[in-house]
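Report on one structure; see the data block that follows.
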Amino acid sequence: MIVIPNQVNIFQVVGDFITNVISTAGFEVVQGQVNRTPEPANADFAVMWPILRNRIETNTDAAIDTLFTATIAGTVMTVSAVAFGTIEVTNEVFGNNVTAGTTIVPGGTGTGGVGTYNLSASSTVASPEQMACGTITVTQPTEVVIQLDVHGPNASDNAQIISTMWRDDYGYNFINGENNAMAPLFTSDPRMAPFSDAEQQIEIRYILELHLQVNQAVIIPQQFAGVVEVDVISVEEAYQ
């Protein structure tokens with residue numbers, strides 16, 4: 001199973017937003033809770049700390065089947081026809097002669113249809129066979145809360161800029177434009193929280209919490225019935 005967007009994607013989008021609205025030369029945004037990582041060289045910087053995840057809605061499930069014809073030589077699958085659906089990286093491939101647990105990995109010429117695809121495990125399918133790579137996508141809209149520590153001599157102004165623009169239409173357009181599964185909700189008000197560094201010097205730091213809606217989806221491999229056979233049973237004869 002995989003989750004999309006993941007924590008790395010969230011940090012990337014939030015970091016891009018902050019560096020977009022802060023014009024201070026050399027301003028950096030780094031992730032907290034990373035061991036043996038020194039402070040950025042620039043006096044003005046920000047640190048992101050993921051602190052909370054709140055469920056917003058009940059799960060929604062979506063089933064998608066994909067049926068195609070292909071051959072496999074080692075870890076390369078060649079798709080010659082697609083009956084329906086789209087072939088995606090990370091999908092698990094199901095077939096009579098396909099090694100169990102085989103998934104599609106980046107590479108190859110295919111972009112969802114006919115073409116070649118790289119596989120995570122080796123198989124041999126010399127003659128074209130029908131295969132599938134269906135999935136169920138379980139989406140949970142989640143409120144992700146990131147604590148942002150804004151450091152430096154310009155921390156007060158920078159925290160104000162971030163808080164103002166996060167709540168603005170500008171913030172929504174920027175974040176949702178980078179990833180349409182994300183949208184800013186609101187922020188807490190910046191508050192002063194002086195910081196003692198490794199040299200026991202007091203630095204200016206403002207803290208605010210960024211609340212972000214992330215519609216995260218867990219993608220699960222799923223097989224679907226290709227043929228359904230219906231039989232009629234006489235209840236009187238079978239169960240008298």
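The values are calculated or read from the model by the stated rules, or taken from the named source; none is laboratory data. Being a predicted model, the structure only gives us computed values, none of them experimental. Here the Cβ is made from the backbone with ideal geometry for all residues, glycine too, and neighbour counts use every protein chain on show.
Below, the figures for the structure above:
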| read-out | value |
| --- | --- |
| Pairs with Cβ under 9 Å, 6+ apart, first in region 77-104 and assigned by TED's automatic domain parsing to the domain that holds residue 123 and at positive phi, second charged (D, E, K, R) and surrounded by 16 or more Cβ atoms within 10 Å (Cβ to Cβ) | 85/65; 101/92 |
| Test: residue in region 151-162 that is assigned to a strand (DSSP E or B) and either at pLDDT 95 or above or in contact with a strand residue (DSSP E or B) (Cβ under 8 Å, 6 or more places away or on another chain) (or both) | yes |
| Subset tally (residues that are in the same structural domain as residue 159 (by TED's automatic domain parsing) and farther than 30 Å from residue 101 by Cα) for region 186-240 | 28 |
| Tally of residues being exposed (fewer than 12 other Cβ atoms within 10 Å of the Cβ) and either of a type in the set (A, V, I, L, M, F, W, C) or not in a loop (DSSP other than H, G, I, E, B) (or both) across region 53-82 | 7 |
| Filter result (surrounded by fewer than 16 Cβ atoms within 10 Å (Cβ to Cβ), on the phi < 0 side of the Ramachandran plot and either modelled with pLDDT under 95 or not acidic (Asp, Glu) (or both)) within region 13-29 | 19, 20, 23, 25 |
| Residue check for residue 140: within 12 Å of residue 79 (Cα to Cα) and not small (Gly, Ala, Ser) | no |
| When residues of region 167-203 are limited to those that are touching a His at 6+ places or on another chain (Cβ under 9 Å) and surrounded by 14 or more Cβ atoms within 10 Å (Cβ to Cβ), the one modelled with the lowest pLDDT | 195 |
| Subset of region 1-45 (residues that are under 16 Å from the mean Cα position of the chain (by Cα) and assigned to a strand (DSSP E or B)) | 2, 3, 4 |
| Of residues in region 23-57 being among the β-branched types (Val, Ile, Thr) and in contact with a strand residue (DSSP E or B) (Cβ under 8 Å, 6 or more places away or on another chain), the one nearest to residue 133 (Cα to Cα) | 56 |
| Residue within region 214-237 that is in contact (Cβ under 8 Å) with a residue 60 or more places away in the chain, in a loop (DSSP other than H, G, I, E, B) and more than 30 Å from residue 132 (Cα to Cα) present | no |
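Table: residues versus (1) in contact with a Leu (Cβ under 8 Å, 6 or more places away or on another chain); (2) at negative phi; (3) in a strand (DSSP E or B); (4) outside the structural domain of residue 50 (by TED's automatic domain parsing).
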position	(1), (2), (3), (4)
112	no, no, no, yes
123	no, yes, yes, yes
143	yes, yes, yes, no
176	no, yes, no, no
